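Taking it in order: structure first as structure tokens, then the write-up.
No lab work stands behind these numbers, since they all come straight from the coordinates. These numbers were taken from a predicted model, which means no experiment stands behind them. FYI the Cβ positions are ideal-geometry reconstructions off the backbone, even for glycines, and counts take in every protein chain you see.
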């Protein structure tokens, strides 16, 4: 089955608040599909409709060809779910939680192997309340995988985690896909989506405003690259602004940021800027380059910052 998830004109409202507004998309087998957007964009409501936790007001949802609400008993054994807000009894031990969840399914994976794969062997006898944020997330992933599901839903997987735990979680998501599973994840971290996802749907106010691979989203929307540097004394920004591929120049104190883009086969923006500075004898320091990313795409589409 190539199409694992099929959504047609999905809509969901809470009173007068429209959470999801007539969206349609498909998810292919074996891909990591990301849904991104700010808090309140409709991501969690969408994923809950796919999981069968909420009933859509209108539209059609199929996961592995089944209706998540009316065919829940058939579908549930095929799904792994990591909820945005999840918890366990504070005194339950890691192995006890895994053993308990394994008892819910007729053919569970060996939770001892999951302990090893997710780096929790040393925490086997540790109570839930004593785990770090990253360790709790790994445990929740193990619980979502205990039934060897074909589709794994991850809702805001790394919210609240430190950078080290976030990167470890990313490695785990890649490992899940390598096992032939399909991953559907929501996040409000654009970097996370850009690094992990094969395709990304950007949501804004309940609607999908763009859907494609991260690379295509960035290229098609022509988001700008940036070159930043510091200089001593004043800098005539007008000279930089006149360069062929410079869109605009911003200065703040001794720091200058040059925005622009270079077309295929032409010198990159940074080469153009460096040539200008050296040709005019301008001494600079702390020069950095930043490629356009998904957050730039989101700003271009909505004019809003992603983290709200």
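Globularity index of segment 1-109 is 1.21 (Cα radius of gyration / 2.2 N^0.38 Å, N = number of residues).
Would you work out if segment 101-203 is rounded, prolate or oblate? Take a ≥ b ≥ c from the square roots of the eigenvalues of the alpha-carbon gyration tensor; rounded if a/c is under 1.5, else prolate when a/b is larger than b/c, oblate otherwise. Numbers along the way, then the final one.
Numbers: a/c = 2.08, a/b = 1.29, b/c = 1.61.
Taking the square roots of the gyration eigenvalues as a ≥ b ≥ c, segment 101-203 is oblate.
Estimated from the Cβ-Cβ distance and a Förster radius of 35 angstrom, the FRET efficiency linking residue 195 and residue 280 is about 0.40.
Taking 0.36 nm per residue of separation and subtracting the current Cα-Cα distance, fully stretching the chain between residue 205 and residue 170 would add 9.9 nm. With all pairs of different C-alpha atoms in the average, the Kirkwood value for the hydrodynamic radius of the chain is 21.7 Å.
Given R0 = 30 Å, the distance between the Cβ atoms of residue 100 and residue 219 translates into a calculated FRET efficiency of 0.05. The stretch between residue 255 and residue 299 holds 13.6 nm of extra length on full extension. This uses 0.36 nm per residue minus the Cα-Cα distance.
The calculated 222 nm mean residue ellipticity attributable to helices in the chain amounts to -9000 deg cm²/dmol, summing -39500 (n - 2.57) over DSSP H runs of n ≥ 4 and dividing by all residues.
Compute the length gained on full extension between residue 248 and residue 29: take 0.36 nm times their separation in residues and subtract their Cα-Cα distance, giving the result in nm to one decimal. Write out the running numbers ahead of the final one.
Working: separation 219, 0.36 × 219 = 78.84 nm, distance 4.26 nm.
Here the segment from residue 248 to residue 29 would lengthen by 74.6 nm.
Bridges between two residues of the chain, per DSSP, are antiparallel at a rate of about 70%. Is segment 99-160 rounded, prolate or oblate when judged by the Cα gyration tensor, a ≥ b ≥ c being the square roots of its eigenvalues, rounded requiring a/c under 1.5 and prolate requiring a/b larger than b/c? In terms of gyration-tensor shape, oblate. Which stretch or stretches of segment 39-55 have amide N atoms under 11 Å from the point lying 7 Å from residue 14's Cα along the Cα→Cβ direction? Those under the cut-off are 40-42, 44-45. Give the calculated FRET efficiency between residue 130 and residue 73 to the nearest 0.05, with a Förster radius of 51 Å applied to their Cβ-Cβ distance. With a Förster radius of 51 Å, E is 0.90.
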